[in-house]
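Student: One structure coming up, written as structure tokens, with questions to follow.
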Amino acid sequence: SKTQKKLAAMNNISELKPFKSMWKVKVKIIRLWKQYSAAGGETIEMVFVDSRGDKIHGTVKKDEVGQFAHVLQQGQTKLLINFTVTHSSGSYRTTKHPYKVVFLPTTRVRICEALPYNMTGLEPVNYRAVLNGKLDPDYLVDVVGQVVEVSHNEVVSVNGKDTQKISVELRDTEDERLPLVLWGKFAEDISVAVQLRSENTVICVLRFGKIKIWKDERSVSNAYNVSDVTVNPENIAEVQAFMRLLPKDDLKLSIVDSKPLALANAVSEKDDFFVHTPRKTIAEVLESRQVEKCIVMATIAGIDSDMGWYYLSCKVCAKKVITVHNDNYNDGDEHDVIACNYYCPKCKTNSPKLLPRYKLHLVVLDNTKDCKFLLFDNLALQLLHQPCIELTGPITDEIQDPDVLPPILNDLKGKTFLFKIQIEKENFVYKHDTFKVLKIITNLGMINEFEAAQSPTGSENMLSGTFSTQSDAPEGSLMIQGGSSGSTDLTPAKRTRTPIINLEEAFDQNSVTKMACTIKVKKEKFEKSG
């Protein structure tokens with residue numbers, strides 16, 4: 001019949017329009033993620049590409065998720081038959097196509113011959129087009145670049161979870177520069193690549209990144225679980241071509257002080273230290289009897305070398321590895337070095353690849369008292385501008401004697417910084433005098449301004465409003481303290497967990513996006529031993 005003949009003809013993505021549903025396309029799923037919204041429940045979101053390289057967004061609504069989840073996988077090629085085509089909208093548009101595909105309960109998904117491996121749909125954006133404002137930020141972009149600078153590496157609280165955030169500068173083959181901010185697992189991946197910067201050039205590929213605008217300055221960031229980031233990917237033709245075209249200047253990756261006014265986090269960073277967080281002297285910190293965060297201006301007097309200045313971590317997951325005594329070792333000879341192997345408790349692997357990371361126990365003082373501050377790898381990097389492995393040299397089986405500190409660590413003595421610290425229950429219940437550092441400000445101008453400002457004790461003169469906008473959390477977030485709806489009489493103890501509610505009108509209708517997979521950021525357990 002005529003109907004069957006029409007159906008036999010394959011359609012191109014560019015032909016798809018809303019006037020009918022009896023379409024037939026052969027597409028490769030180049031991106032797939034699950035998304036949650038209060039309005040739509042859990043949906044499957046996808047981006048399809050066809051043999052011509054055209055792309056279109058696809059959605060499986062919550063009622064059909066159970067029907068289609070098992071037949072849709074990223075990277076696979078499928079025949080799709082009979083689906084609706086509706087208007088594409090929102091501020092997170094994955095393709096330029098005016099429409100998107102929505103699966104029906106009667107949609108057919110068939111297996112077919114795969115589209116070529118190199119059919120990736122990757123379209124690296126021109127940096128200049130991002131920076132000069134010619135691109136509409138509602139459309140997500142692909143970015144390929146060489147990481148040439150890291151200016152900010154910190155852990156922030158997002159939805160009550162510690163999340164790593166890293167700010168880097170990319171360059172393209174024309175030596176143009178583009179600021180990039182990455183969150184969560186992607187920040188960890190880049191962080192590990194930066195640690196090993198001496199081994200090779202760090203190339204970053206971001207798929208479906210969000211253009212951010214702050215006071216006419218533009219940068220790109222990963223957009224929740226929509227984006228995908230790979231570091232030094234192999235077998236991607238566009239990346240190999242990019243590598244060949246890079247300037248042959250052997251530019252080394254540099255780790256610099258955070259640029260206080262470079263990106264959108266500048267105002268929030270200053271407000272965090274100057275307005276939103278109580279300022280305390282060390283004496284007041286030691287007298288505190290509640291779990292809270294506070295700002296301390298302190299001078300580094302030394303490093304507690306008994307605690308060591310680094311630890312050996314698993315290169316894959318960043319967790320501290322544990323030593324395993326080698327049972328084949330002969331206990332009889334007292335002059336033998338104790339033989340041991342390493343084990344990663346998170347990856348559950350023996351002899352994992354090792355990467356040393358900083359863990360500095362700083363002895364700090366002000367004009368009231370002294371105590372110890374614990375600084376982990378990402379913050380130590382901010383002070384030292386050198387990855388830990390460059391100080392330790394190649395990893396041997398034995399942690400170096402901490403009594404002999406590298407000169408760069410001794411150079412920290414006498415320097416004054418602003419520290420945002422966490423007072424934990426262990427500190428006041430068990431009189432534990434080591435406090436974990438959450439953020440540092442090293443900028444001299446801001447330190448001087450802080451010192452010149454009036455010095456309120458405790459939190460009397462601090463802003464204690466119920467909520468405050470927080471621009472160093474992912475896209476369009478608001479920090480709501482204690483989940484209160486307007487009362488300001490919460491005790492500080494009740495306000496210590498600060499959930500961040502996402503208010504972005506993305507394609508999830510004012511919802512909290514549920515991460516497809518949550519990867520824990522490296523966090524050491526607070527050690528009671530100091």
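Student: Computed on alpha carbon atoms, what radius of gyration and Dmax characterise the stretch 141-203, expressed in Å?
Tutor: That works out to 12.3, 41 Å for Rg and Dmax.
Student: With just the Cα atoms defining each centre, how far is the stretch 378-441 from the stretch 99-163? Give it in Å.
Tutor: 36 Å
Student: To continue, here is another question. How do Glu217, Glu174, Glu424 stack up against each other in accessible area, from largest to smallest, with a 1.4 angstrom probe?
Tutor: The ranking, largest first, comes out as Glu174, Glu217, Glu424.
Student: Relative contact order of the stretch 134-187: what whole-number percent is it, with Cα pairs under 8 angstrom and at least 6 residues apart?
Tutor: 29 percent
Student: What number comes out for the charge environment of Val285, summing +1 per Lys or Arg and -1 per Asp or Glu over other residues with Cβ under 10 Å away?
Tutor: -3
Student: Let me ask something else. Give the accessible area for Ser51 in Å² (nearest 10); use a 1.4 Å probe, count only protein heavy atoms, and leave out ligands, DNA and RNA.
Tutor: Counting only protein heavy atoms, the figure is 80 Å².
Student: Could you tally up the Lys pairs in the stretch 41-144 with alpha carbons closer than 23 Å? Skip any pair fewer than 8 positions apart unless they're on separate chains.
Tutor: So the count of such lysine pairs works out to 12.
Student: Do the alpha carbons of any pairs in Lys359/Lys415; Lys413/Lys436; Lys215/Lys252; Lys319/Lys439; Lys372/Lys431 sit beyond 24 Å of each other, and which pairs?
Tutor: Correct reply: Lys215/Lys252.
Student: When the Cα atoms of the stretch 51-189 are enclosed in a convex hull and the volume is divided per residue, what value in Å³ results?
Tutor: Considering the Cα atoms of the stretch 51-189, their hull volume per residue is 170 Å³.
The values are calculated or read from the model by the stated rules, or taken from the named source; none is laboratory data. For clarity, every value in this text was computed on a predicted model and none was experimentally measured. Every residue, glycine among them, receives a Cβ derived from its backbone with ideal geometry; neighbour counts consider all protein chains shown. Remember, those area values only see protein heavy atoms, side chains included, never the ligands or the DNA or RNA. Shrake-Rupley method; radii C 1.70, N 1.55, O 1.52, S 1.80 Å.
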